[in-house]
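Peer 1: Below is the structure I would like to discuss, written out as structure tokens.
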Amino acid sequence: MATELQRLDSMPCHNQQVNSTSAPGPECLSPDDQILNHAEENNAAMAKLTLLPGHAHSSEQSERDTRACGSASLNLEDHNDSSDSGNYDAPVGDHLLGDCELSHQIGTQLKLLPMNDQIRELQTIIRDKTASRGDFMFSADRLIRLVVEEGLNQLPYKECMVTTPTGHKYEGVKFEKGNCGVSIMRSGEAMEQGLRDCCRSIRIGKILIQSDEETQRAKVYYAKFPPDIYRRKVLLMYPILSTGNTVIEAVKVLIEHGVQPSVIILLSLFSTPHGAKSIIQEFPEITILTTEVHPVAPTHFGQKYFGTD
């Protein structure tokens, strides 16, 4: 089940260095009462979510989400937010958080791509430590493309009229100008090609943020943006959200350049509940688009993608 979804030229740039009551058990209820009870539970869960139009979801997925809503915990160990960490993950027995739990704990600004078997397989290959680098990159690029396509779907379009080769008029839409991408180096650069494949002339800026060796705090070392970025909507690209600290620092830099959090859409592949929650608590107006929220993020992504693992 997907949470609700609301609806970016080489460029001249400037550089910046920078207590519930007891209830009778199921065995005490009549069949009719049990049916009504389940219906009420389902209605309560549905009230927290809005389905993405045009996507069907299996009953198996819905049941899994419902079960997860009652069992998932957000008391997670903090992990290093660097996508270049070499730690592999996906321990046996971990379960995904249900969408209703995410909506309640994190907020509706967190958007999930509708889950299907194709996306699940790509996630599995990326998390599999035995996957070859070729398979890893192929799956990562496919998943990046899906996230980018949905990210573009969050940006404004306007209606237009065109003439077909047969002379007929066709009412359609076209992409509004005034958007750009910003990648957080280094792992965010893996998503740049996917964005260019969809928007050939889009402007892309860069931010370099690393942890200070003494304080271990995220520090901005370099930033390069279009000079008019304050007038643009921004697709911020960072594939792995662990603690969220790196993204928080990047958003602060964008704000210093006049960008409002409400026009920033963060594109990521994987996120922890803690990472997403930290970002939205710091910037409630920002939108996060990801494919999965899981207690353990595949922090080996950057190293394996760029071949430095």
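The values are calculated or read from the model by the stated rules, or taken from the named source; none is laboratory data. Remember, it's a predicted structure, so these values are computed and weren't measured experimentally. We place every Cβ from the backbone using ideal geometry, glycine too, and count neighbours over all the protein chains shown.
Peer 1: Which residues, taken from the range 181-220, are over 26 Å from Leu146 (Cβ atoms) and modelled with pLDDT under 90? Spell out how you get there, then give the answer.
Peer 2: Our first condition is that a residue be over 26 Å from Leu146 (Cβ atoms); within the range 181-220, this holds for 208, 210-220.
Passing the criteria: Gln210, Ser211, Asp212, Glu213, Glu214, Thr215, Gln216, Arg217, Ala218, Lys219, Val220.
Peer 1: Further question: Among the residues in the range 257-269, are any among the polar types (S, T, N, Q) and part of a strand (DSSP E or B)? First the steps, then the outcome.
Peer 2: At the first step, the residues of the range 257-269 found to be among the polar types (S, T, N, Q) are 260, 262, 268.
Still in the list and also part of a strand (DSSP E or B): none.
Within the range 257-269 (the criterion being among the polar types (S, T, N, Q) and part of a strand (DSSP E or B)), the answer is no, since none of the residues qualifies.
Peer 1: Taking the range 212-239 only, how many residues are in a helix (DSSP H, G or I) and crowded, with 19+ Cβ neighbours inside 10 Å?
Peer 2: The initial filter retains those residues of the range 212-239 that are in a helix (DSSP H, G or I), namely 229-231.
So of that shortlist, the ones also crowded, with 19+ Cβ neighbours inside 10 Å come out as 229.
Qualifying residue count for the region: 1.
Peer 1: What are the pairs with Cβ atoms under 6 angstrom where one residue, in the range 162-191, is more than 30 Å from Met137 (Cα to Cα) and the other, located anywhere, is part of a helix (DSSP H, G or I)? Sequence gap at least six, or different chains.
Peer 2: Matching pairs, first to second residue: none at all.
Peer 1: Cβ-Cβ under 7 Å, sequence separation 6+ or interchain: first residue in the range 136-157 and of a type in the set (Asp, Glu), partner surrounded by fewer than 21 Cβ atoms within 10 Å (Cβ to Cβ). Which pairs?
Peer 2: As it stands, the answer is Glu149/Cys198, since those pairs meet every condition given.
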